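For reference, the structure is listed below as structure tokens.
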């Protein structure tokens, strides 16, 4: 029986890479026009095209072409594949965004063409997280075709990929998504490779790629000529649907397939660290949009008004997950444009969130205590909103003007802030530095830290006022945070010491573990992608250039609610500033970092002691890691030290880690050329710019590793504090809108359709759980298998 070579015509189009998005998207129009023409010229020809963003661009600017594509889809000569908005990175977006990437793409295809993709197509993405099978299966996919990682050892290029929730995809790794102009030589190599293999159906990518182009006339004619010269093979032009249908028939006839579990990683690992400023900007924007949508949908339901329209912001965010944008492998001009686009997303999200909170505030009864004297300033009501679907307990920051003009009668050290809850009870506060650095001779604005407990996806009302006379602030009950030396702070969980002249800050846990925290530069001779040939040096990066010295140290907060220490680490040409804080009764060290890296061809790493094993948060799943060079993680990691003690680590904008030669490290900055692939090029061409500037990150380290997922969520989406106005209203001073239990269950999507809510959930644990939902008085329970993604209707 003849073997069948399925030529899979496609056009890989990078909308952004060595060009900007206007050029890339317009190439989408040009390529689609060329392919329509070839399909008309060759009746046996078919074509595969993904990425809803390309289709939307075609529809907007060439509606006649779009109509012709629709006709070809109905004739089953043009296949919708991919099912995404763009061909996304599969390692760095959070699970909620990757789920939305495919849901948005499938929605578009269903609305425009009356059908959805069944084959996910991600040939050029730089590896695939372990949770991708669950995300794809939840969006209606049965098949997955990819190319990278090309060097990953698999039992076969055809296999079933099984997710941790049991969802399975029939997968095929292609040798390439492209074929060069000389097709005959490539088919010769394919025929030789397949000799002796039992599988009958063979798939091969067929088309020019990267800057579009699709399958060329020369390739088609070359393939037809090769088929005539090789009657021992049957050569077909196939859609992915036809190719996988042939594979399924072969499997039904007895072909046995191996099963693969876990991630399909790693490759081109430099991408996890390239363009750190852009990555941090993306992560903050991602969180802002998720928070705005959560607040918008729930508050709108309470107030019976339309939720904010965030579709445009979502499409722009999804575009920026593209596998040459978020990984940081594009030219500088394009990166700047995408940075601006993310700014538009962040601003739109903030405007939508603020508008909904203002609508909520307008309905809440907001009385304020009467002024304590004639002509004394009125108190200011503050709405504090928790966007997460579980209670929040911790310290927040509140800042407000105490009057319309400075209160000159007081000195800055006078304790005159009065913060009360809705019952009128005065709350313990600790004054902290205001955000401004002006008018230090007088009192006008004050900023305080205050412990609060907030309901799930809900609000609480506080009031801020100025006292007529200074009075010591009430002390909080229980343990305190404090300054315990010239260069030391502590609480009952941690002691932090930062002495100038040392090479590290010393973090000592209550149970006795000592964790030196240090920073060092390592040689990185490689480009944006790391090693293009997967050179071991490119993903181990263990050539130490310099360990930075702790040059300055200052206590900036002394307790009792929060203690803080500011540290400056210096290298020969670069430095960073780090503030570490401890709250009174929290096992979490909270950190804010600003790095100014001026060196070239290097990687700046944060270092902690090497872990014996690591559990990592990845899209849709968790994975365990040991010593394997650089690896990606999304939001948090559990570090198990050799003695068995475990710590949780989370960061809000870095993705690259390693764990070898005595250190667990997190990549802070990478100084390499834009879109460069030449080893040593960053030093060879000093006139060419490298990605630089100030990198700002927040991270945390917790001695309670078991709750690191929750702490990471709070880092990503902390409570919002909104300054309001006194007025009468019908809603109470405290309320909750949405709650989900237990903590292992996360919300991936939330939307309202008429009278019903659709909530997509995932059980993020290895055990079955019963999820309990409460939404505006509606309740529901649902049994969730481990890691399964399901939609609930309330």
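The values are calculated or read from the model by the stated rules, or taken from the named source; none is laboratory data. All values derive from a computational prediction rather than experimental measurement. Glycine also receives a Cβ, built like all others from the backbone with ideal geometry; neighbour counts cover every protein chain displayed.
Summary table
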{"item": "Residue that is within 17 Å of residue 655 (Cα to Cα) and in contact (Cβ under 8 Å) with a residue 40 or more places away in the chain, where the choices are 594, 598, 523", "result": "594"}
{"item": "Boolean, residue 697 is touching a strand residue (DSSP E or B) at 6+ places or on another chain (Cβ under 7 Å), in a strand (DSSP E or B) and not assigned by TED's automatic domain parsing to the domain that holds residue 545", "result": "no"}
{"item": "Members of segment 324-380 that are touching a helix residue (DSSP H, G or I) at 6+ places or on another chain (Cβ under 7 Å) and on the phi > 0 side of the Ramachandran plot", "result": "328"}
{"item": "Where a residue in segment 360-387 is under 30 Å from residue 712 (Cα atoms) and its partner, wherever it lies, is at pLDDT below 95 and surrounded by fewer than 20 Cβ atoms within 10 Å (Cβ to Cβ), with Cβ under 8 Å and at least six apart", "result": "381/368"}
{"item": "Residue in segment 650-661 that is part of a strand (DSSP E or B), under 21 Å from residue 567 (Cα atoms) and at pLDDT 95 or above present", "result": "yes"}
{"item": "Leading residue by the ranking (farthest from residue 81 (Cα to Cα)) among those in segment 97-136 that are out of contact with any helix residue (DSSP H, G or I) (no Cβ under 9 Å at 6 or more places or on another chain) and without any contact (Cβ under 8 Å) to a residue 12 or more places away in the chain", "result": "111"}
{"item": "Candidates 629, 635, 643 - the one that is out of contact with any strand residue (DSSP E or B) (no Cβ under 8 Å at 6 or more places or on another chain), in contact (Cβ under 8 Å) with a residue 40 or more places away in the chain and more than 15 Å from residue 520 (Cβ to Cβ)", "result": "643"}
{"item": "Segment 541-562, residues that are farther than 21 Å from residue 502 by Cα and outside any loop (DSSP other than H, G, I, E, B)", "result": "557, 558, 562"}
{"item": "Some residue of segment 255-278 being on the phi > 0 side of the Ramachandran plot and in contact with a helix residue (DSSP H, G or I) (Cβ under 8 Å, 6 or more places away or on another chain)", "result": "yes"}
{"item": "Residue check, residue 288 surrounded by 19 or more Cβ atoms within 10 Å (Cβ to Cβ), out of contact with any helix residue (DSSP H, G or I) (no Cβ under 7 Å at 6 or more places or on another chain) and either outside the structural domain of residue 693 (by TED's automatic domain parsing) or more than 22 Å from residue 636 (Cα to Cα) (or both)", "result": "no"}
{"item": "Residues (in contact with a helix residue (DSSP H, G or I) (Cβ under 9 Å, 6 or more places away or on another chain) and in contact (Cβ under 8 Å) with a residue 60 or more places away in the chain) located in segment 299-315", "result": "299, 300, 302, 303, 307, 314, 315"}
{"item": "Residues that are surrounded by fewer than 18 Cβ atoms within 10 Å (Cβ to Cβ) and in a strand (DSSP E or B), drawn from segment 433-461", "result": "445, 447, 453"}
{"item": "Qualifying residue in segment 763-778 (condition: free of Cβ contacts under 8 Å to residues at least 12 places away in the same chain, over 27 Å from residue 311 (Cα atoms) and not assigned by TED's automatic domain parsing to the domain that holds residue 616)", "result": "yes"}
{"item": "Options 706, 729, 766: the member that is touching a helix residue (DSSP H, G or I) at 6+ places or on another chain (Cβ under 6 Å) and not in a strand (DSSP E or B)", "result": "729"}
{"item": "Single match in 278, 243 (criterion: in contact with a strand residue (DSSP E or B) (Cβ under 6 Å, 6 or more places away or on another chain), in a helix (DSSP H, G or I) and crowded, with 18+ Cβ neighbours inside 10 Å)", "result": "243"}
{"item": "Candidates 256, 234, 248, filtered to the one that is surrounded by fewer than 19 Cβ atoms within 10 Å (Cβ to Cβ), modelled with pLDDT of 95 or more and assigned to a strand (DSSP E or B)", "result": "234"}
